[in-house]
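Below is one structure, written out as structure tokens; comments come after it.
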Amino acid sequence: MLVYILTLFPDAIEPYISKGVLRVARDQGKIDVRLLNFRDFAKGKHRNVDDRPFGGGPGMLLCPEPIFEAIEWIESREGIFHKVLLTPDGHTFRQSHAESLTKHDRLLFLCGRYEGFDQRILDGFAWERLSIGDYVLSGGELPALVILEATVRLIPGVLGDEESPISESFTSELLDYPQYTRPREFRGSSVPDVLMSGDHEAIRRWREDQARHKTKKWRPDIALRGDTNKCDTNKSGIKKRDPDL
Ligand code: ADE
């Protein structure tokens, strides 16, 4: 997957993509992330990328020209990209968005700054507009990293164990069940006996039960969605929503 991130702050992004799962995916040759500062496409002595809104109002808007030129420069070399615009006005990013982003060979993220975008940037391309939550950040850099990491870790083979994303919270429409490792006793709290029983069917049932309870308690909104959709059981024994049912 070829990924371009258009940003005024490539130096803020570089350290994060050089660590952890994004680095692993890069070393495996599964992703190639390129950072492009669209200020490089701005004209004039000061290479301004923003200006005041016509009609008045607070703040500055990103001008269309450098962004159009940057995207045209990329696409004339690499072909057409699926383009993601990071904006608090977008659809709230969910695991299902990450799953569908893995299907694209070329992804482009545009990180805004300032008060917003000139409308011609929004109208000029077929954006997928995504928000990471109902709050306003000063730019799209953190949202781009959040979305990129959630997506890349779903590319088959990136996480060591191919099964591990399946039983995770959200992939299965239930939160993850509680897990324990050594020591068996810790400050008066012990690992549930069923996990030490060796009875795989009992463990599967216990985990499913725990996942349901936890989801009802902490995320009743998800529990409700799960109840209203027909389910099918995945390998981990957790009900998985079938999008076709
Ligand atoms: N840019 C500023 N705030 C944002 C948010 N919540 N999500 C995505 N992009 C943003």
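Read-outs: derived from the displayed coordinates by stated rules, not from any lab. Values in this document were obtained by computation on a predicted structure and should not be read as measured data. Note that each Cβ is placed from the backbone with ideal geometry, even for glycine, and that neighbours are counted across all protein chains shown.
Between the alpha-carbon centres of the stretch 173-195 and the stretch 12-47 there is a gap of 40 Å. Distance between the 7 Å Cα→Cβ label points at A202 and D11: 6.0 nm.
Given H placed on each backbone N at 1.01 Å, which residues far from G90 in sequence or on other chains put an amide H within less than 5 Å of it? Answer set, sorted by chain and number: S131.
Kindly identify the stretch 110-157 as rounded, prolate or oblate by the Cα gyration tensor criterion: order the square roots of the eigenvalues as a ≥ b ≥ c, call it rounded if a/c is under 1.5, otherwise compare a/b with b/c, prolate if a/b is larger, else oblate. The shape class here is oblate. Per the Cα gyration tensor, the chain maps to an equivalent ellipsoid with semi-axes of 42, 20, 17 Å, ordered largest to smallest.
The H91 and S138 beta-carbon pair, evaluated with R₀ = 22 Å, returns a calculated FRET efficiency of approximately 0.60.
Modelled label positions at I80 and R120, each set 7 Å beyond Cα in the direction of Cβ, lie 2.2 nm from each other.
Taking 0.36 nm per residue of separation and subtracting the Cα-Cα distance, what length does fully extending D32 through D105 add? Intermediate results must be reported in sequence, preceding the final value.
Numbers: separation 73, 0.36 × 73 = 26.28 nm, distance 1.04 nm.
That pair, D32 and D105, stretches by 25.2 nm at full extension.
Is the stretch 35-104 best put as rounded, prolate or oblate by its Cα gyration tensor, with a ≥ b ≥ c the root eigenvalues, rounded for a/c under 1.5, and otherwise prolate when a/b is larger than b/c, oblate when not? Since a/c reaches 1.5 but b/c is at least a/b, the shape of the stretch 35-104 is classed as oblate. Between amide H atoms placed 1.01 Å from N, distances below 5 Å from F117 occur with L62, all of them 5 or more places distant or on a separate chain. In summary, the aspartates and glutamates within cross-link reach of K216, defined as a Cα separation below 14 angstrom excluding same-chain residues under 8 places away, comprise E173, D176, E208, D227. Here the stretch 74-99 and the stretch 112-172 have alpha carbon centers that stand 7 Å from each other.
Derived scalar couplings between HN and Hα for the stretch 37-49 equal 8, 6, 5, 4, 9, 7, 9, x, 4, 9, 6, 5, 10 Hz in order, rounded to whole Hz, by the Karplus curve 6.51 cos²θ - 1.76 cosθ + 1.60 (θ = phi - 60°), x for Gly and Pro.
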